[in-house]
Amino acid sequence: MESTILLSQGDIKEVLTMKDVVEICDKTFVGFGEGTTINPTKVGLDLGEKAAYPPYEGFMNAMPAYVGWCDSAGIKWAGGLLGERKKAGLPYITSMILLMNPKMGNFTAAMDGALITNWRTGSQAAISLKYTITHKKNIKIAIYGAGMQGRTSTMAISQIFDIDELRVYDLYKSAGEKFKEDMKEYVKGEIVVVENPEDAAKDVDAIITVTQSKNKFLKNEWIKPGMVVVPMGSYQECDDEFILSADKIMVDHVGQCLHRGVLKELAEAGKITEETLYATIGEVAAGKKAAGIKSDERILCVPIGTGAMDIAIATVVRDRAIEKGLGDNFAFVV
């Protein structure tokens, strides 16, 4: 039995770029549409994010998948914690990815999953815009949340579009100013730090939300015809009126998106069903549903995140790391 390669975040950075991640995720979305990407819904463990016990202010998700185009299977064990982790100065996201050979069942790699999680989340925002804003190369965007995933979304979007203007809003203006400094190389136009959340949404082509807000702060009246809204997190950041009046709703994974994130409450109330949805991103990527936004439409696109993206990226990382002689090998079975 061959050994398992162990890869650190540093190893991953040596063999992976954001351009790679966007291309890998796009290819995996096509697999979703063609039926060659197999992705069960996430299994969540509440460690005090919402539950009263245990009191650790966090959650973890188990995310298995098989990706046909790279013939790889695996699982990501990932989540986010505040509490003691935040006090220790550690990043919110914590994650590991485990890969296996789907024919033989032997485990081929174990690696850090935090960097891959953040980069693929940003890539999902970029791909959502690729299949909705098809009529222009230069765009204006708004980002709510100046944290890591706001950054990776900007990095990924810049691989597909030229960003003429980026408006960023964060509860902490200092975070927005730091974001502006860090993201200059990815934005060809101007980055504007706004103090009023409504101002971020003015005259943009797309709105990306990457916050931990549990308030429905993004208002229907802010979202004009021709705009795409991409809520990335597990919370409902948009008000009900916009969700129910959006001309098209696209999702990355039907089962997950109806049970968590922006659509959860309305789905539980029976106001949003699978029949309400226009398409999955995979169906559009595979050419089974029409891409693009019309000038009189408002589109809600919900890429809540799937393990398949992580497994595909991790597989490419594993193969490149082996070629370069990176990582350590460990024989779990001897």
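The values are calculated or read from the model by the stated rules, or taken from the named source; none is laboratory data. This is a predicted model, so every value here is computed, not measured. Here the Cβ positions follow ideal geometry from the backbone for every residue, glycine too, while neighbour counts run over all protein chains shown. What goes into the accessible areas is simple: the full protein's heavy atoms, side chains included, and nothing from ligands, DNA or RNA. Shrake-Rupley method; radii C 1.70, N 1.55, O 1.52, S 1.80 Å.
Farthest toward the positive end of the dipole of the stretch 123-305, out of F161, L171, G226, is the Cα of F161, where the dipole comes from beta carbon charges about the Cα centre. Express the carbon and sulfur contribution to the solvent-accessible surface of the chain as a percent, rounded to the nearest whole number, probe 1.4 angstrom. Using a 1.4 Å probe with all protein chains present, the chain comes out at 53 percent carbon and sulfur. The alpha-carbon atoms of the stretch 123-305 define a convex hull whose volume equals 98 cubic angstrom per residue. Think of each Lys and Arg Cβ as +1 and each Asp and Glu Cβ as -1; about the Cα centre, that makes the dipole of the chain roughly 140 debye. Using r as the Cβ-Cβ distance of K19 and V334, and R0 as 45 Å, what FRET efficiency do you calculate, to the nearest 0.05? After rounding to 0.05, the efficiency reads 0.70. Between the alpha-carbon centres of the stretch 246-264 and the stretch 278-334 there is a gap of 17 Å. For the chain, the relative contact order is 23 percent, taking Cα pairs closer than 8 Å that sit 6 or more residues apart in sequence and dividing their mean separation by the residue count.
Roughly what percent of Cα-Cα pairs across the stretch 110-159 reach past 19 Å? That fraction is 28 percent.
Among the lysines of the stretch 136-190, pairs that are 8 or more positions apart or on different chains and have alpha carbons within less than 16 Å of each other number 6. Stokes-Einstein diffusion for the chain at 4 °C, viscosity 1.567 mPa s, with a Kirkwood radius from C-alpha pairs, works out to 64 µm²/s. The calculated FRET efficiency for the pair D203 and D46, based on their C-beta separation and a Förster distance of 45 Å, comes to about 0.70. Highest mean first, the peptides 172-178, 253-259 sorted by other C-beta atoms within 10 Å per residue fall in the order 253-259, 172-178.
A Cβ-based charge dipole, computed about the Cα centre of the stretch 123-305 with Lys and Arg at +1 and Asp and Glu at -1, lands at about 360 debye.
Of interest is the spacing of the C-alpha centroids, which for the stretch 1-61 and the stretch 219-234 amounts to 26 Å. Remark: relative contact order (the stretch 1-67) = 25 percent; criterion is Cα-Cα distance under 8 angstrom and separation of 6 or more residues.
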